1. Residues in the range 91-109 that are touching a helix residue (DSSP H, G or I) at 6+ places or on another chain (Cβ under 6 Å) and surrounded by fewer than 18 Cβ atoms within 10 Å (Cβ to Cβ): how many?
2. Which is touching a helix residue (DSSP H, G or I) at 6+ places or on another chain (Cβ under 9 Å), open to solvent by 10 Å² or more (accessible area, probe 1.4 Å) and free of Cβ contacts under 8 Å to residues at least 60 places away in the same chain, of Ile55, Ile78?
3. Scan the range 118-142 for residues that are outside any helix (DSSP H, G or I), open to solvent by 40 Å² or more (accessible area, probe 1.4 Å) and within 23 Å of Gly72 (Cβ to Cβ) and jot them down.
4. Could you list all residues from the range 143-166 that are open to solvent by 70 Å² or more (accessible area, probe 1.4 Å) and under 16 Å from the mean Cα position of the chain (by Cα)?
5. Contact list please: Cβ distance under 9 Å, first residue in the range 2-15 and under 12 Å from Ala76 (Cα atoms), second residue open to solvent by 40 Å² or more (accessible area, probe 1.4 Å) and of a type in the set (Asp, Glu), pairs at least six apart or on different chains.
6. Name the residue that is modelled with the lowest pLDDT, counting only residues in the range 40-51 that are assigned to a helix (DSSP H, G or I), open to solvent by 20 Å² or more (accessible area, probe 1.4 Å) and touching a helix residue (DSSP H, G or I) at 6+ places or on another chain (Cβ under 7 Å).
7. Out of everything in the range 1-39 that is open to solvent by 20 Å² or more (accessible area, probe 1.4 Å) and β-branched (Val, Ile, Thr), what residue ends up being farthest from Ala112 (Cα to Cα)?
8. Would you confirm whether any residue within the range 4-18 is over 21 Å from Pro127 (Cα atoms) and modelled with pLDDT of 90 or more?
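The values are calculated or read from the model by the stated rules, or taken from the named source; none is laboratory data. Predicted, not measured: the structure shown is a model, and the values here were computed from it. Positions of Cβ are generated from backbone atoms using ideal geometry, with glycine treated the same way; all protein chains shown enter the neighbour counts. With ligands, DNA and RNA removed, areas are computed over all heavy atoms of the protein, side chains included. Shrake-Rupley method; radii C 1.70, N 1.55, O 1.52, S 1.80 Å.
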Amino acid sequence: MKYFFYVSGLLLLSLGIALTILSDLGTSPFDALLVGLSFNVGLTVGSWEIIIAAIMIVGNAMLGRQRPELLGIMTAIIVGIGIDLWLHILSAIVVPENVTSQTLYFTAGLLAVGVGSAIYLHTNFAPIPVDRLTLLVKELAKTNLFVSRTAIYLMFLVLAIVFSGPIGIGTVLTVCFGGLILNAIMPVTAKTLDRVLLPNHH
């Protein structure tokens with residue numbers, strides 16, 4: 001059951017990422033970097049998700065002076081395949097014609113990312129390397145999640161600009177609200193999932 005939620009959460013997360021990419025309003029700095037790389041270097045967006053995850057897993061291991069979290073690669077592979085799959089399926093259907101539809105797709109995407117992240121993080125199985133890095137920076141810099149997440153977002157933002165990824169109003173909104181949405185959704189998701197995963201504990 002736990003694996004089912006883990007995979008469902010990741011597929012929902014990748015659906016959200018695909019929707020923000022297709023909304024054409026700009027994506028999160030990390031996804032903007034993936035799209036920029038895909039566009040300028042080649043390979044699919046999902047492939048870059050996996051490649052960068054692999055690099056970050058090594059980096060995180062060095063930062064935290066621990067063994068590489070190889071399970072994180074599995075998470076990245078599911079998300080990577082998910083993104084490519086959704087982009088393939090949705091690119092024919094999701095054609096934002098005006099600002100209203102763009103905003104709708106983007107909002108739906110942002111919420112799907114929040115809910116998907118909350119679900120997969122709650123299964124506590126294998127965090128995506130970006131999430132692990134967020135926790136590492138929080139510990140090393142002795143700061144909170146919001147500050148460490150924002151610092152990492154800014155780093156990816158610079159990289160995304162270098163590789164001319166899709167930076168737009170959506171990028172700003174993701175940086176401002178991504179963490180807040182996750183914070184708001186986490187407790188609700190935790191309650192709901194615990195009801196399903198731990199039915200005997202009332």
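1. 2
2. Ile55
3. Answer for the range 118-142, where residues must be outside any helix (DSSP H, G or I), open to solvent by 40 Å² or more (accessible area, probe 1.4 Å) and within 23 Å of Gly72 (Cβ to Cβ): Asn124, Phe125.
4. The answer is Leu145, Phe146, Leu154, Met155.
5. Close Cβ pairs satisfying both conditions: Ser14/Asp84.
6. Per the criteria, the residue is Ile50.
7. Val35
8. no
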